[in-house]
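Have a look at the structure below, then the notes.
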Amino acid sequence: MDIRTVGVVGAGQMGNGIAHVFALAGYDVLLNDISEEALEKALALIDRNLERQAARGKITGEDHQAAMARLRTTARLVDLGASDLIIESATERETVKQAIFEDLLPHLQPHTILTSNTSSISITRLASRTDRPERFMGFHFMNPVPVMQLVELIRGIATDEPTYKTLLGVVEKLGKTAASSEDFPAFIVNRILMPMINEAVYTLYEGVGNVRSIDESMKLGANHPMGPLELADFIGLDTCLAIMNVLHDGLADTKYRPCPLLTKYVEAGWLGRKTKRGFYDYRGDEPVPTR
């Protein structure tokens, strides 16, 4: 199937990045959010990021302008119904995602492919609540989307081969690399990454090391570009906790039990960079460890 028009649900950190790369790759993109303010901020951010790419010589000024011309926004979810491909990128809560797909169903074209950018939730279960489980897939981008090369493609139990092949072609057109995952909790990247972050939080919780020593140890001792606690703040501690809960509930193994300290930070509303406080305090000129 030839994909030309793409609808993106959610104009947050992931949604605006997804809209950015699709518009740059030549797709007509309609970006949706319930908040007009979020849509305005997303467009402004995409414009700045494209300008930055042009300044670095990654794209031309013409590419920048053409990408922005392909981007439209709407606060009406039903407007996405005419799209060839829809990518849901709302908050990582299954009930929210199910409600979005249920609202979309009456307005879809027969050929429309539905996808979710979920980082951990069962694709098979999400697909089963729609009228097209064979044309439903997990389409998991990494953050920040314009920079990260990987896209996880996750087939549900009912996903057909033409849908998979179509999305494989889309990833190639985006200039990214696809990794195919089976539909198990957290897929590949987060199945490995989140327990590492959770273990770093346990290391902090048990007093083995403080925030700075843990992050420096992994950066200098394991050659990681970012320490695990710094990375958790970048991802969002609420997202990390949600994925750990999916792993713990879905696999029933105690090794995936979320650290109580991670839960406590989320309860405090200290979610990382987006709230200015997490394992680091970002309210000053330089991030300062909170423990």
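Nothing in this text is a laboratory measurement; each read-out follows from the coordinates by a stated rule. Computed from a predicted structure; not experimentally measured. Cβ: placed from backbone, ideal geometry, glycine included. Neighbour counts: every protein chain shown.
Some points to look at:
- Dipole magnitude for region 5-181: about 380 debye, using +1 per Lys or Arg Cβ and -1 per Asp or Glu Cβ, origin at the Cα centre.
- Across region 191-230, the residues whose backbone nitrogen lies under 16 Å from the label position 7 Å along the beta-carbon direction of Gln149 are 225.
- Lys-Lys pairs in region 5-181 that are eight or more residues apart or on separate chains and whose Cα atoms lie under 18 Å of each other come to 4.
- Degrees, to the nearest 10: 13-24 long Cα axis against longest axis of the chain: 40
- A Förster radius of 35 Å, combined with the Cβ-Cβ distance separating Thr275 from Arg72, puts the computed FRET efficiency at roughly 0.70.
- Net length gained if the chain between Glu216 and Leu168 were fully extended (0.36 nm per residue, minus Cα distance): 13.5 nm
- Tyr205 versus Glu40: modelled label distance in nm, points set 7 Å from Cα along the beta carbon direction: 4.2
- For the peptides 279-287, 127-135, the ranking by mean Cβ contacts within 10 Å, running from highest to lowest, is 127-135, 279-287.
- Read-out Rg and Dmax of the Cα atoms in Å, derived from the coordinates shown; its label in (i) 19.1, 60; (ii) 19.3, 56; (iii) 17.7, 52: (ii)
- Sequence-ordered 3J(HN,Hα) estimates for region 60-68 from the Karplus curve with 6.51, -1.76 and 1.60 and θ = phi - 60° stand at 9, x, 5, 4, 4, 5, 5, 5, 5 Hz, glycine and proline given as x.
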